[in-house]
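Below is one structure, written out as structure tokens; the observations come after it.
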Amino acid sequence: MITSMNQFKEDQLVMCGQVVDYVTENKAAVAVSEVAGEQAAEIAALYEQVQGARGGTAKRTQELTEDAKTARTTLLELLPALLGPLSRIAARLQDNDLLASVTLTSKQLRKLRPLAFIGVVQAVLDSAARPAVVPELAKQGLQPATLQPLRDALAAFTVAAPAPRKTINQRVVAGAALEDLLDELMDEMRQLDEDMKAFKLLNKELYKGYRQARKLVTTGGNGATEA
């Protein structure tokens, strides 16, 4: 049984509780942004799940299955072979939208969470399938069939990767490690951070209160810090 975490994680969980209390108390004001309201409700539900898991059996589980890791590695290895030609094609076609969508570094790709990674790779493959782009790729020796390994790897990764939003609940059932569950909750919290930025324009006082609730109050007495 794992019923405790290291102190930093404990402080993070306390902060999550502060945020849940704040967005719940200000539910109507937050709901002015439909996206922020939905994310806040999602975090409140996930917070309750993580709290409920504190007394449950815990074990470490991998975020991605081995199949997903293999597919992701394949995509990271093969994508540059498509991104390079596409950037050249974008320059020839003077297509700034295409150029923006394919100007990606390996470092940027590796940092992406599973859902974002799937979206980015799919967007690149969709760009490669555009009528104006297909013949240009052919000039560089890349036929549609040549790109099949990329499509196969993306399909494999999409199936094997954990589904967004459902991950915490599935892992609670599986008895995942409490600290791993909190990491998932913090990822959702950071998404709410981005949604709440709209309130700099919509409701400055609400945003100021959110940022105050979002601060991590360390039990060691060092004050409040960002988490």
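Values in this text are rule-based calculations from the coordinates and carry no lab data. Please read these numbers as outputs of a predicted model, since none were measured by experiment. Neighbour counts run over all protein chains shown; Cβ positions are idealised from the backbone, glycine included.
Yes or no: the stretch 106-123 includes at least one residue that is over 26 Å from ASP187 (Cβ atoms), surrounded by fewer than 18 Cβ atoms within 10 Å (Cβ to Cβ) and out of contact with any Gly (no Cβ under 7 Å at 6 or more places or on another chain). Spell out the reasoning first.
We begin by selecting, within the stretch 106-123, every residue over 26 Å from ASP187 (Cβ atoms); these are none.
So far as the stretch 106-123 goes, no, none of its residues is over 26 Å from ASP187 (Cβ atoms), surrounded by fewer than 18 Cβ atoms within 10 Å (Cβ to Cβ) and out of contact with any Gly (no Cβ under 7 Å at 6 or more places or on another chain).
A Cβ distance below 6 Å, combined with a sequence gap of six or more or placement on separate chains, defines the contacts here; from the stretch 81-109, residues that are in contact (Cβ under 8 Å) with a residue 12 or more places away in the chain and assigned to a helix (DSSP H, G or I) reach residues that are buried (at least 16 other Cβ atoms within 10 Å of the Cβ) and acidic (Asp, Glu) in the pairs ILE89/GLU136.
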